[in-house]
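**Student:** Mind looking over this structure? Questions follow.
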Amino acid sequence: ILTQEELSNIQSMNNDFTKAKMALGDLELQKYNLLKTVELLKNDFAKHEMDLIAKYGKDSVINVQTGEVTKKEE
């Protein structure tokens, strides 16, 4: 039979291992949610981009700081 110190030590290590696995699971869920958010943002951006192309033309360049629209220089 294990001594009390040995038992405490192995229980502590087992608890730490379980906590680390749980933390990894939480990180994976956060990663999944962020990837989903990025995908939604990309789709939304593409839709707005198509709307702007329809309005300002395929050769337009938009300054995202100022909102100025210019024609692409060749």
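The values are calculated or read from the model by the stated rules, or taken from the named source; none is laboratory data. Just so it is clear, the model here is predicted, and its values are computed rather than measured. Note: ideal-geometry Cβ built from the backbone for every residue, glycine included; neighbour counts use all protein chains shown. Protein only, heavy atoms only, side chains kept; ligands, DNA and RNA dropped before computing areas. Shrake-Rupley method; radii C 1.70, N 1.55, O 1.52, S 1.80 Å.
One line per residue, one yes/no per condition, for (1) among the small types (Gly, Ala, Ser); (2) within 19 Å of the chain's Cα centre (by Cα); (3) surrounded by 10 or more Cβ atoms within 10 Å (Cβ to Cβ):
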residue	(1), (2), (3)
LYS36	no, yes, yes
GLU39	no, yes, yes
MET50	no, no, yes
ALA54	yes, no, no
GLY57	yes, no, yes
GLU68	no, no, no
LYS71	no, no, yes
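**Student:** Within segment 15-34, which residues are among the charged types (D, E, K, R) and open to solvent by 100 Å² or more (accessible area, probe 1.4 Å)?
**Tutor:** Hits for segment 15-34 are LYS19, LYS21, GLU28, LYS31.
**Student:** Within segment 1-57, track down each residue that is part of a helix (DSSP H, G or I) and among the β-branched types (Val, Ile, Thr).
**Tutor:** ILE10, THR18, THR37, VAL38, ILE53 - these are the residues of segment 1-57 that are part of a helix (DSSP H, G or I) and among the β-branched types (Val, Ile, Thr).
**Student:** Something else now. Among (1) over 21 Å from the mean Cα position of the chain (by Cα); (2) surrounded by 10 or more Cβ atoms within 10 Å (Cβ to Cβ); (3) not charged (D, E, K, R), where does PHE45 come up short?
**Tutor:** (1)
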